[in-house]
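K.L.:
Encoded as structure tokens, here's the structure I'll be asking about.
The values are calculated or read from the model by the stated rules, or taken from the named source; none is laboratory data. Here the structure is a predicted model, which means the values were calculated and not measured. Note that we place each Cβ from the backbone using ideal geometry, even for glycine, and neighbour counts take in every protein chain shown. Just the protein is used for accessible areas: all its heavy atoms, side chains included, with ligands, DNA and RNA removed. Shrake-Rupley method; radii C 1.70, N 1.55, O 1.52, S 1.80 Å.
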Amino acid sequence: MENGSNLITLDLSMLLQIINFLILVYVFWRLFGKKIGPILDERKKIVTSKLLEAEEERANARKATAEASELKREAKKRANEILIRAEISADERKEKILKEANQSREKMLTTAEIDIEKMKQSASKELQKEVSSLAVTLAEKILKENIDKDGDKIINNFIEEVGE
């Protein structure tokens, strides 16, 4: 019985402590609940707005990242287009230079052929003059020798042939 009465005393004291705690909570809630409630509501609103702002910033960051990726792709595309145009332009310029070089080569060959032909003609005329001069000299020698041998007979034959 003694043990049972000790348990009841303990249980009553615990019950009194629980009741005191509940009264304290009730008093605290009554006294401070009206003041703390609006403060907590305001803090809740602030935290909620900060969370919304953070979410909005995250969405903006994702959007900016997507835009940056798109700009990067567009920049790469433009750079490739510029490179292709530059290569085409370089090829066209190369072809033009080669064409002009071939035209210049052809002109130079034509000019060289003309100059060679002129030189041949000039050399031929010089050769003809030289041959004519040698022929005249040889003819004079032959005539002198023949005149000395046959005399007037050769001269008369020559005059007759020239006269015809």
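K.L.:
In segment 39-83, how many residues are closer than 30 Å to residue 29 by Cβ and of a type in the set (S, T, N, Q)?
P.N.:
Adding up the residues that qualify gives 2.
K.L.:
Would you tally the residues in segment 47-71 being hydrophobic (A, V, I, L, M, F, W, C) and open to solvent by 80 Å² or more (accessible area, probe 1.4 Å)?
P.N.:
Result for segment 47-71: 4.
K.L.:
Further, regarding this structure: Mind telling me which of the residues 74, 92, 81 ends up being open to solvent by 90 Å² or more (accessible area, probe 1.4 Å) and among the acidic types (Asp, Glu)?
P.N.:
Unique residue meeting the criteria: 92.
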